[in-house]
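A quick write-up on the structure given underneath.
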Ligand code: FAD
């Protein structure tokens, strides 16, 4: 609990955070990586380089200060962070490291503005938030142990790899210990840990893209090729594509994530899945889940890709469509040429397409794709008056990128 005077100080610092938040968080990360290099493994240098991690943290601190007296409004954001932390195996012992570096960074950036009262109030506020996250993450670890039978990293053998498109490969992963797997919720992701070319281990999240199978998990990875002009190839995706094959071992942490298929509401409420490129992975798991568990419910999949060569899971989707009259797939290509085939329309997702496929009925929307697509779809749905409770999305990077 914060005292009245601590609350007042936190609220007073909101304008300062709005102005200097990113300077503060940039300084904070540099300081923490210098003073506590042991935490480096939890962070992706690509997000640091792009500045998205610093922006994300600045936004989160600001939001926390603004809602310091109404923390319940931040429940969704706290859940997202707790799931992400649990996916990376963040533990209670890591919080004091972040807290100490954050307070020191406030002192160093604000100089004289960082009075004893400011440091005291932010120390207390950080402590409250850390306690909430530690408690929730503890619960997630306990649930994972109960549901999936393990915590931390477990060794998996690549049983099979197969192309899903020109730039996406699926990996089928079998636990090395031979123990059966328990179903994840459709939409959840795993954390994969590898040490490309003998480097320090690195972690990345990958959504489960298949249907529950007691023997195998399936993930599907797009190769981030880089462009040779200052943008290097993605560390893990290139390693998986180029060097990981049948019989190789990778480590996985158990399923996590709050972007999961909700129960179907009463009445006829279609499920609309909007996928961009590799963003189809969690939606494909949801599609399998909905067809199996929400029998007869109308499902509309809008699959967006640049061209038909980069369109993943063509055969799997054709086969599902052949088996389920309640499923309608619409393929929209943004860069179609004369060589492309098997698509329904061209361009980006727009109001006309939603008018045609959904009309003005209530529907539940789930979407995942590249940042520009996410922005367009989110604005479109909000603009059409879709209730916030019917809008669900996953973004494969720090959420702030979506708002950029
Ligand atoms: P990184 O090394 O992390 O690089 C990322 C990008 O930054 C690359 O495009 C790279 O070219 C660029 N970059 C790196 N360094 C620099 C630099 N110095 N200058 C300029 N550019 C730079 N991905 C999938 O393919 N399938 C999934 O199902 C999937 N599910 C996900 C689920 C969640 C919840 C999340 C958060 C992410 C998911 N991702 C998924 C993304 C995945 O976790 C990785 O981010 C992705 O594979 C890229 O990792 P990487 O190591 O290959 O690239």
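For an R0 of 25 angstrom, estimate the FRET efficiency from the Cβ-Cβ distance between residue 334 and residue 73 and round to the nearest 0.05.
It comes out at approximately 0.10.
Using the Cα gyration tensor of the range 322-382, with a ≥ b ≥ c the square roots of its eigenvalues, what is the shape: rounded (a/c below 1.5), prolate (a/b larger than b/c) or oblate (neither)?
Since a/c reaches 1.5 but b/c is at least a/b, the shape of the range 322-382 is classed as oblate.
Based on the mean of other Cβ atoms within 10 Å per residue, sort peptides 361-373, 290-302 so the most packed one is first.
Those peptides, ordered most packed to least, come out 361-373, 290-302.
Please report, to one decimal in angstroms, the Kirkwood hydrodynamic radius of the range 4-148 built from all distinct Cα-Cα pairs.
Radius from the Kirkwood sum: 15.9 Å.
Give the angle, between 0 and 90 degrees and rounded to the nearest 10, that separates the Cα long axis of helix 371-383 from the longest principal axis of the Cα atoms of the chain.
90
Could you give the alpha-carbon Rg of the range 228-300 over 2.2 N^0.38 Å, rounded to two decimals?
1.57
Measure off 7 Å from each Cα along the Cα-to-Cβ vector at residue 38 and residue 100, then give the distance between these two points in nanometres to one decimal.
1.0
Which value at 222 nm does the chain reach when only helices count, each DSSP H run of 4 or more adding -39,500 (n - 2.57), with the total divided by all residues and rounded to the nearest 500 deg cm²/dmol?
Value at 222 nm, helices only, nearest 500: -13500 deg cm²/dmol.
Order by neighbour count: 329, 256, fewest other Cβ atoms within 10 Å first, most last.
329, 256
For the range 101-169 and the range 53-89, write down the distance between their C-alpha centroids in whole Å.
The range 101-169 and the range 53-89 have Cα centres spaced 10 Å from each other.
How far, in nm, would the chain grow between residue 389 and residue 213 when pulled straight, counting 0.36 nm per residue and subtracting the alpha carbon separation?
Roughly 60.4 nm would be gained on extension.
Whole Å is fine, so just give me how far the alpha carbon centre of the range 251-290 lies from that of the range 299-365.
Rounded to whole Å, the Cα centres lie 16 Å apart.
Rounded to the nearest 0.05, what FRET efficiency do residue 159 and residue 119 have when you use their Cβ-Cβ distance and R0 = 56 Å?
Using R0 = 56 Å, I get an efficiency of 0.55.
Rounded, prolate or oblate: which fits the range 271-393, taking a ≥ b ≥ c as square roots of the Cα gyration tensor eigenvalues, rounded meaning a/c under 1.5, else prolate when a/b beats b/c?
It is oblate, given that a/c is not under 1.5 and a/b is not larger than b/c.
Extending each Cα 7 Å along its Cβ direction at residue 197 and residue 242, get the distance between those two points in nm, one decimal.
Once both label points are built, they end up 0.7 nm from each other.
Between residue 148 and residue 166, what is 0.36 nm times their sequence separation minus the Cα-Cα distance? Round to one decimal in nm.
Here the answer is 3.2 nm.
Starting from the coordinates of the alpha-carbon atoms of the chain, obtain the Kirkwood hydrodynamic radius over all distinct pairs and give the value in Å to one decimal.
One over the average 1/r among Cα pairs gives 22.8 Å for the chain.
For the range 154-256, what's the radius of gyration and Dmax over Cα atoms, in angstrom?
Calculated on Cα positions, Rg and Dmax stand at 13.5, 45 Å.
Once you sort the root eigenvalues of the Cα gyration tensor of the range 164-217 as a ≥ b ≥ c, which label holds: rounded (a/c under 1.5), prolate (a/b larger than b/c) or oblate (the other case)?
It comes out oblate by the Cα gyration axes.
How high is the FRET efficiency between residue 295 and residue 92 when r is their beta carbon distance and R₀ equals 56 Å, given to the nearest 0.05?
E(calc), rounded to 0.05, equals 0.85.
Enumerate the residues in the range 19-47 having an amide nitrogen under 16 Å from the point lying 7 Å beyond the Cα of residue 141 toward its Cβ.
The answer is 42.
Helix 75-87 versus the longest principal axis of the chain: what is the Cα-based angle in degrees, 0 to 90, to the nearest 10?
Roughly 80 degrees between the two axes.
Describe numerically, in nm with one decimal, the distance between label points set 7 Å from Cα along Cα→Cβ at residue 50 and at residue 66.
Using points 7 Å along Cα→Cβ, the separation is 2.3 nm.
Read-outs throughout are calculated quantities, based only on the coordinates presented, and are distinct from any laboratory measurement. Note that the structure is predicted; figures quoted are calculated from it, not measured. Cβ sites come from the backbone with ideal geometry, for glycine too, and all protein chains shown count toward neighbours.
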